[in-house]
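**Q** Handing you this structure, nothing more for now.
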Amino acid sequence: MKSRILSIFFISLFALSCSKEVERTSLRPLVPTSNEPNAGTWKMYFGVATDYAIPAPKETSSAEYKAELAEAQKVASNLTAEQKSALTYWQVGAVGRWNEIARELIARYNLAPEPNENGTYSAPNSAKPDTLPYFPFANPPYASRAYALISVAQYDALVATWAYKYKYNRKTNTDDLPDYPSEDAVIAAASSRVLKFLFPGSYPTQLIDNRYEEGRKVGIWAGKNVQSDVDAADVLGKAVADKIIAYAKADGTGSAGGNLTIQAQMAESAMARGLKTAWKSLDIPARPGMLMKFGEVKTWNFDKATRDAIRPAAPPALDSEAFKKDLAEVKHYANNITRKQWSIVQFWADGLGTSTPPGHWNQIAMDLIREASMSEIRTARALALMNTAIHDAGVCCWDTKYYYFYPRPNQVDPSIKTATGTPNFPSFTSGHATFSAAAVSVLSYIFPSQQTSLDAMAKEASESRIYGAIHYRFDSEVGLACGKKIGDFAVARGKADGGN
Amino acid sequence: MFFVFHNFGTTSNFKELNHYKMKKHLLTFTCTCYLLFFTKMSLAQTTQDGLMMSKNELCLVLNYDKESWNQYWEGERLRNNPNIGTLSTQMASFMAAYGVTQKLNVFAVLPYIKNEASAGTMTGLQGVQDLSIAAKYNFFSYGKMQLFGVIGASVPVTDYVPDFLPFSIGLHSKTASARLIVHQLLPYGIHVTAQGGYIARSKTNVDRTNYYTGNEIEYSHEMAVPDQVSTSLRIGVNKKAVLAEAFIDNITATSGTDIRRYDMPLPANKMDWTRVGVFVTWHTPIENFSVNGHFSHVIAGRNVGKVEASYGAQLQYILNFKKKK
């Protein structure tokens, strides 16, 4: 009896210690429902496919092609264990994998700079990415821009690739999709180049280079490409990426960090418009507001005049009844949060060290995309529409935040303690609400049957910030409404881009 | 009389039952202390010392501990955090120990924990943490040396939040543990006790769909919590109405990640520490009633708070269910 109990105990001890393997959710292999033969005519973000002069490939009857094919077949029939494992990794689709790599790098770099000895903060320097504070600080606005740049690069590269695929129509394997240039290789070239621009440090450079070397060759290992498919795609992908990088260098992000003089001027302007108490940093030591000029960064789907036109009206005055009512609600949650609400706060927090709220919406989007078995190019279109909307949401929300310079609930009432970190920028409107509504507007257009559940997710994401005691209800509600308007501009583009 | 006292002391040693995340003190009676960030709770020392209750004796213990830190190890780098200031934790726990036979004792501990930061905006947390149970068996005696085996388990009893460190009151992970204790009596009422054990810990569930481990994003709502190796050494004296012990103990996680620079801690971090302390019990003139005071200090660690001072007190009472002759 005693030995039986003992053996049960030791078995359970063993079971506990051996079950460190967590249950993962992962994308299933991509099996597209369509090859999208007309996608080469879809509207690109920058220029047209013929801007990139991709030469005609050798005929399949030529000696050069036959030699290439023989070489490729030799490689494909003698795969190493590493190559086989790479094939498994990439079979979920290159667009989705590079999107994951972007999320991973953003999570790694989403750490706020540490204070200096004298209580000041240094800004990350792109010329010294490996020196503290590391470059970049991939906070939510930075991340929103990064996802948009990568998605646009993938989309433009694939549209151009599709144009040449169907122009030249050279096939190596037996499915209907032409194989010149290689879609895997063009995604690898475009994604890696943009990512290396965004994450110039030595760790990401090595990670990206490794993925690039592997990702561009999987078509050969899978028996669907020859070397010239890969080489043509590489030239095309890099050229597309260079256009996106040139755009990014001039989009205003370089001066989005601002400084304390600019911050003081913005606070003064808001006070001149009637604000009674200006937002101040609650970090210790006080930290300059996050990307205070991000509101000036270029938007994708509308212009600056539109940004001003859709900027929400002023929030309630700090001495109004409307304000007192919503402040009381925040205080209520601070003192009476339920376990269910805690769970909601944590689910949507996407704070430091995570892929940010835009990254969370990319994860949600990829799950829906895979469920629908979308082709690579339709995946890229969906992500480009959503991520440009999310970027625009970041710009408009940051513009609104620093325009009104509105204090957080726990600045007005320091007895309010929060269930998540207090973001270091003004309260009105909620970034979570604006990002989420913009994403949901686009995703509901692409997946109309999901609209109800997507709307519920955006609402929950926005309310999570009230439960966490860092936002007023009006921050969240106005942010949702504005985010919806922003997303609708991307939807309008989608309806007219040829891929509707 | 001495016999009774001796037993009594024993009883309460519950500290490590819980092992919840770490903790331990060693001296005999304490219960608690938890530690540092992330760790919280404890168990009775009992599972680490060489003392036993007599058959049919039930010892009931009320324990209170308070500890604080204003520096913690981020990986191996000791730092402060002005947005936390000093994190203070209080713990009240109820413990019971029972002598099933002269050689077999069973224990149970249930703590309530509450913490608060002196700076920053984040809310402290409070609640009932994990129920720990353990059985201790004196399987070998030779002269003045005794060997004990201890097996234990713990399970969260409330739905507390595990992924809000350093404020979470525990990691919401089940544990199972096995320990071996060598207890040697020396002249003049002095004894030396060495303990070694292994604490297996189950995965915990977090309220999010992914988290960055330092190398990659794990797309999971589960998080692996490292197992721990526990070792301790204590030396004590049991004279007249006083039992006093000094101890050093160590917890070393067998896996886990470091907190990244300026990042938040995770339940998956490798949390190690070494602490030293003293533990003194006075068997009062009131029959079967003892009081205890204890103190400890963390001297080394990794991904945990550097507890400068953890102090506590206990009330212990023994009920005797022996048949009256």
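**Q** Do we find that A:Gly223 is out of contact with any Pro (no Cβ under 8 Å at 6 or more places or on another chain), farther than 19 Å from A:Tyr142 by Cβ and modelled with pLDDT under 95 in this structure?
**A** Considered against the rule, which asks whether it is out of contact with any Pro (no Cβ under 8 Å at 6 or more places or on another chain), farther than 19 Å from A:Tyr142 by Cβ and modelled with pLDDT under 95, A:Gly223 comes out as yes.
**Q** Let me ask you something else. If I filter region A:115-126 for residues that are in contact with a Gly (Cβ under 7 Å, 6 or more places away or on another chain), farther than 19 Å from B:Thr213 by Cβ and in contact (Cβ under 8 Å) with a residue 24 or more places away in the chain, do I get at least one hit?
**A** yes
**Q** So, one more: Mind checking which helices (runs of 4 or more DSSP H) fall wholly inside region A:285-381 and carry at least 1 residues that are away from every other protein chain (no Cβ under 14 Å) and at negative phi?
**A** In region A:285-381, A:304-310, A:321-336, A:356-371 are the helices (runs of 4 or more DSSP H) which contain 1 or more residues that are away from every other protein chain (no Cβ under 14 Å) and at negative phi.
**Q** Any residue at all in region B:158-172 that's facing chain A (nearest Cβ under 9 Å) and assigned to a strand (DSSP E or B)?
**A** No: zero hits.
**Q** Same structure, new question: Every residue in region A:215-250 that is of a type in the set (A, V, I, L, M), outside any helix (DSSP H, G or I) and surrounded by fewer than 20 Cβ atoms within 10 Å (Cβ to Cβ), please.
**A** Within region A:215-250, A:Ala222, A:Ala250 meet the criteria.
**Q** If you take the residues in region B:211-221 that are facing chain A (nearest Cβ under 7 Å) and assigned to a loop (DSSP other than H, G, I, E, B), which one is modelled with the lowest pLDDT?
**A** So the residue we want is B:Glu216.
**Q** Tell me, which residue of region B:158-212 that is in contact (Cβ under 8 Å) with a residue 12 or more places away in the chain and among the aromatic types (Phe, Trp, Tyr) is farthest from B:Gly143 (Cα to Cα)?
**A** B:Tyr211
**Q** Follow-up. So which of A:Met386, A:Met366 is under 13 Å from A:Leu27 (Cα atoms), touching a residue at least 12 places away in the same chain (Cβ under 8 Å) and under 15 Å from the mean Cα position of the chain (by Cα)?
**A** Among A:Met386, A:Met366, only A:Met366 is under 13 Å from A:Leu27 (Cα atoms), touching a residue at least 12 places away in the same chain (Cβ under 8 Å) and under 15 Å from the mean Cα position of the chain (by Cα).
**Q** Condition check: modelled with pLDDT under 95 and either outside the structural domain of A:Ile187 (by TED's automatic domain parsing) or of a type in the set (S, T, N, Q) (or both). Does A:Ala372 satisfy that?
**A** It is true that A:Ala372 is modelled with pLDDT under 95 and either outside the structural domain of A:Ile187 (by TED's automatic domain parsing) or of a type in the set (S, T, N, Q) (or both).
**Q** Read through the list (1) buried (at least 23 other Cβ atoms within 10 Å of the Cβ); (2) at pLDDT 95 or above; (3) hydrophobic (A, V, I, L, M, F, W, C), then give the number of the only condition that B:Ala224 fails.
**A** The failed condition is (1).
**Q** Something else: Modelled with pLDDT of 95 or more and under 11 Å from the mean Cα position of the chain (by Cα): is that true of A:Ser355 in this structure?
**A** Taking the combined requirement at face value, the residue satisfies it.
**Q** While we're on this one: Which residues, counting only those in region B:55-79, are in a loop (DSSP other than H, G, I, E, B) and either more than 30 Å from B:Leu315 (Cα to Cα) or not basic (Lys, Arg) (or both)?
**A** Answer for region B:55-79, where residues must be in a loop (DSSP other than H, G, I, E, B) and either more than 30 Å from B:Leu315 (Cα to Cα) or not basic (Lys, Arg) (or both): B:Asn56, B:Asn70, B:Gln71, B:Gly75, B:Glu76.
**Q** Going through A:Thr422, A:Thr418, A:Thr434, A:Thr388 one at a time, which residue ends up being touching a Phe, Trp or Tyr at 6+ places or on another chain (Cβ under 6 Å) and assigned by TED's automatic domain parsing to the domain that holds A:Asn336?
**A** The match here is A:Thr388.
**Q** A further question on this structure: Quick test for you: out of B:Pro82, B:Pro111, pick the one residue that is outside any strand (DSSP E or B) and not aliphatic (A, V, I, L, M).
**A** Just a single option satisfies the conditions, and that option is B:Pro82.
**Q** So if I check each of B:Leu87, B:Leu110, B:Leu125, which one is under 30 Å from B:Leu180 (Cβ atoms) and either surrounded by 16 or more Cβ atoms within 10 Å (Cβ to Cβ) or out of contact with any strand residue (DSSP E or B) (no Cβ under 9 Å at 6 or more places or on another chain) (or both)?
**A** B:Leu110
**Q** Still on this structure: With respect to the numbered conditions (1) surrounded by 16 or more Cβ atoms within 10 Å (Cβ to Cβ); (2) in a loop (DSSP other than H, G, I, E, B), which one is the sole condition not fulfilled by A:Thr277?
**A** The single condition A:Thr277 does not satisfy is (1).
**Q** Shifting gears a bit: Which ones in region A:251-268 are free of Cβ contacts under 8 Å to residues at least 40 places away in the same chain and surrounded by fewer than 17 Cβ atoms within 10 Å (Cβ to Cβ)?
**A** A:Gly254, A:Asn259, A:Leu260, A:Thr261, A:Ile262, A:Ala264, A:Gln265, A:Glu268
**Q** Okay, moving on. Please work out which residue is nearest to B:Ile251 (Cα to Cα), limiting yourself to region B:183-216 and to residues that are of a type outside the set (Phe, Trp, Tyr) and out of contact with any strand residue (DSSP E or B) (no Cβ under 7 Å at 6 or more places or on another chain).
**A** Among those residues, the one meeting the criterion is B:Ser202.
**Q** Another question, if that's okay. Does region A:18-71 hold any residues that are assigned to a loop (DSSP other than H, G, I, E, B) and among the hydrophobic types (A, V, I, L, M, F, W, C), and which are they?
**A** Matches in region A:18-71: A:Val22, A:Leu27, A:Leu30, A:Val31, A:Trp42, A:Met44, A:Phe46, A:Val48, A:Ala53, A:Ile54, A:Ala56.
**Q** Residue under question is B:Ala178, and the condition is that it be crowded, with 23+ Cβ neighbours inside 10 Å, assigned to a strand (DSSP E or B) and within 11 Å of chain A (Cβ to nearest Cβ); does it hold?
**A** For B:Ala178, the condition - crowded, with 23+ Cβ neighbours inside 10 Å, assigned to a strand (DSSP E or B) and within 11 Å of chain A (Cβ to nearest Cβ) - is not met.
The values are calculated or read from the model by the stated rules, or taken from the named source; none is laboratory data. These numbers were taken from a predicted model, which means no experiment stands behind them. All Cβ positions, even for glycine, are placed from backbone atoms using ideal geometry, and neighbour counts span all protein chains on display.
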